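Written out below as structure tokens is the structure these notes cover.
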Amino acid sequence: MTSGTTPEQALDLTAHEQGALLRSGAFTARALADATLARVRAQEPALNAYITLMDEEARQQADAADLRLRAGDAAPLTGVPVGIKDLISTRGVQTTAASRMLTGFRPIVDATVTRKLREAGAVFIGKTNLDEFAMGSSTEHSAFGATKNPWDLERVPGGSSGGSAATVAARGVALALGTDTGGSIRQPAALCGILGLKPTYGRVSRFGVIAFASSLEQVGPFARDAEDLALLLGTIAGHDAMDATTAPAPVPDYAATLGRGLDGLRVGVPREFFVDGMEPGVREAVERAIEVFAAQGAIIDRDVSLPSVAAALPVYYIIAPSEASANLARYDGVKYGYHYESDSMWNEMEQSRGRGFGDEVKRRIMIGTYALSAGYYDAYYLKAQKVRTLIRREFERAFATHDLLLTPTSPNVAFRIGEKIGDPVAMYLNDLCTIPVNIAGNPAVSIPCGFSEGLPVGLQLISGMFEEGALLRAAQAYGSATDWHRRAPEATREGASS
């Protein structure tokens, strides 16, 4: 990085490097925004990572950032471009949740995380694509078409935050926000070869985030190195009076945790996460990562077991659809969103929901409604909550003697578009390694740890509640000892033909 770096060259840098160049006067925030929009537009026919590009808003924000920079503003995100998952409300800008049901919906207020980014001087490039209402693992379940993986345009980027992961991996933006309900940040981060962090439940406000499963989901950052993760997490984290589920715990200086290395960290490797059917190349990459951790001084313990996590997948697919059926009851075609005209109120509601929701959303609403129905609540939902408690307690016991748990993020690399779309169970199995963390509420990060058949492999690190600093410390140390996070998908760097 030099003072002669152009805005176009800066697109390949990290957010903290871009911020340093902006503060040095190497170029303006407006020039960086224009370069970012140009690259993203060149990539979009191939990637389909965005639902809405915010050209006018981005340039206005960039001009405001330039005024702040000229006044001596040293905030690290001032003028830095960011992508925002289209599940997160942006004042006056269409927010769709990738659903026909919300096409044209323009929130009158920002989500808390969006507001915090505005106050930090960030520049919003656009709203990124996702699985409809965040229900999916491939970003194929979108009313606006599937997002492609920048490493192979015939493969999925993961989901549900696939648009955010794809644009960060393709060097469209250096930072993006996603949400994680069962792995929707970590799994696409793994499949796209970048970093993605799910914070502790309650660490980041969910106010203004379109709800799917309220007891499971969290907003979190995508980035290409640990320093950027720390920067973005520190910006959005903290208690919020508008969200009663946020914790009053103070937000630490995450940057201060970096640079401490792996020496002395107690790292457990729970056997239940190395599932049957895991691709050999994924297992090999994770095993090599364990060797790196050991060589850097981490204390590896392979005698760790969390037996109840085997039940996490069925528990999730009772709790999450049950909460979805309650949250999505508000979309009735009457107050806002898609509306089907009819001479009958009941037919209007039925047709609005039937035509407005996609197949996967309707499937989960029906599962959840059944699980909550009279005569089945105790047998399904209540029992799932009891097993959830067992899973949480097993994590608590593990972190009484370990600083981190180390697992694969996904049992496979990115699969081909259409390969699993007709088999919901096969699709759900992609989240085997990530769902237990949401059930328990712990934080976790996915970091690149190698390649299998030319496609990225992700390593998942899990920590105790509100111990995101330990995750960032380990992610930064591992990144310093390897170069996987620096690899870039060349095909989409300057745009690609579809």
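Any read-out appearing in this document is the output of simple, stated calculations on the displayed coordinates, not a laboratory observation. Since this is a predicted model, take the numbers as computed values, not measurements. Using ideal geometry, Cβ is built from the backbone for each residue, glycine included, and neighbour counts are taken over all protein chains shown.
Could you calculate the FRET efficiency of Glu490 with Arg397 from 1/(1 + (r/R0)^6), where r is the beta carbon distance between them and R0 is 60 Å, rounded to 0.05? All intermediate terms of the calculation are to be shown ahead of the outcome.
Details: r = 45 Å, r/R0 = 0.76.
Working from the Cβ atoms, E equals 0.85.
Near Asn442, within a Cβ-to-Cβ distance under 13 Å, what is the net charge of the other residues, with Lys and Arg +1 and Asp and Glu -1?
On the way: positive: Arg186, Lys198, Arg203, Arg388, Arg392, Arg393, Arg397; negative: Asp180, Glu394, Glu396, Asp403, Glu467, Glu468.
Overall, the nearby charge balance is +1.
Quick check on the exposure proxy: order His239, His16 from fewest to most C-beta atoms within 10 angstrom.
With the sparsest Cβ surroundings first, the list reads His239, His16.
Where nothing but the Cβ of Lys and Arg (+1) and of Asp and Glu (-1) is charged, how large is the charge dipole of the chain around its Cα centre, in debye to the nearest 20? Before the final figure, lay out the partial values.
Numbers: 48 positive and 57 negative charges, 116 e Å.
Once rounded to the nearest 20, the dipole reads 560 debye.
Please order Met345, Met135, Met278, Met101 by the number of other Cβ within 10 Å, starting at the fewest. Walk me through the numbers on the way to the answer.
Details: Met345 11, Met135 30, Met278 17, Met101 26.
So the residues, fewest neighbours to most, are Met345, Met278, Met101, Met135.
In whole angstrom, how far apart do the alpha carbon centroids of region 173-200 and region 336-406 sit?
Distance between centres, Cα-based: 22 Å.
Using the 10 angstrom Cβ neighbour count as an exposure proxy, how do Trp484, Trp346 rank, fewest first?
Working: Trp484 20, Trp346 8.
Exposure proxy ranking, most exposed first: Trp346, Trp484.
Which whole-Hz ³J(HN,Hα) couplings does region 140-147 yield from phi under the Karplus relation 6.51 cos²θ - 1.76 cosθ + 1.60, θ = phi - 60°, glycine and proline marked x?
Whole-Hz 3J(HN,Hα) from phi for region 140-147: 8, 8, 10, 5, 10, x, 6, 7.
Say the dipole of the chain comes from +1 at the beta carbon of Lys and Arg and -1 at that of Asp and Glu; which of Val267, Pro248, Leu87 then lies farthest toward its positive end?
Farthest towards the positive end: Pro248.
Quick one: Cα convex hull volume of region 136-218, Å³ per residue? Don't skip to the answer; put the middle values down first.
Numbers: hull volume 7.8 nm³, N = 83.
Hull volume over Cα atoms, normalised by residue count, gives 94 Å³.
Let me understand region 320-438 better: what is its radius of gyration from the alpha carbons, and its Dmax, in angstrom?
19.0, 64
Relative to the present Cα-Cα distance, how much length would full extension add between Ser342 and Arg70 at 0.36 nm per residue of separation?
Working: separation 272, 0.36 × 272 = 97.92 nm, distance 5.69 nm.
That works out to 92.2 nm of additional length.
Any idea what the alpha-carbon Rg over 2.2 N^0.38 Å comes to for region 197-239?
On the way: Rg = 10.7 Å, N = 43, 2.2 N^0.38 = 9.2 Å.
For region 197-239, the normalised Cα radius of gyration comes out at 1.16.
One-quarter of the Cα convex hull surface for region 258-368, in nm²? Numbers along the way, then the final one.
On the way: hull surface 45.8 nm².
Approximately 11.4 nm², given one-decimal rounding.
Over all directions, how big on average is the projection of the convex hull of the alpha-carbon atoms in the chain, in square nanometres? Write out the running numbers ahead of the final one.
Details: hull surface 88.2 nm².
The number I arrive at for the chain is 22.1 nm².
Around Leu459, which amide H atoms from residues at least 5 apart in sequence, or from another chain, sit under 5 Å from its own amide H, with H modelled in the peptide plane?
Thr409, Ile447, Cys449
What's the FRET efficiency of Arg59 with Arg288 using the Cβ-Cβ distance as r and R₀ = 35 Å, to the nearest 0.05?
Values: r = 45 Å, r/R0 = 1.28.
According to the calculation, E is roughly 0.20.
With the crude spin-label approximation of a point 7 Å out along Cα→Cβ, what separation in nm comes out for Glu154 versus Ala241?
5.6 nm
With θ set to phi - 60°, apply the Karplus curve 6.51 cos²θ - 1.76 cosθ + 1.60 along region 206-211 and write out the HN-Hα couplings as whole Hz, x wherever there is a Gly or Pro.
9, 4, x, 9, 4, 6
If you take every DSSP beta bridge whose two residues both sit in the chain, what share of them, in percent to the nearest 5, is antiparallel?
On the way: 32 of 46 bridges.
Given both bridge residues lie in the chain, the antiparallel proportion sits at roughly 70 percent.
Compute the orientation-averaged projected area for region 304-385 from the convex hull of its Cα atoms and round it to one decimal in nm².
So the Cα hull casts an average projection of 6.9 nm².
Under a no-solvent Debye model with one identical scatterer per Cα of region 31-119, what's log10 I(q)/I(0) at q = 0.12, 0.15, 0.23 Å⁻¹?
Taken in order of the listed q values, log10 I(q)/I(0) reads -0.41, -0.64, -1.27.
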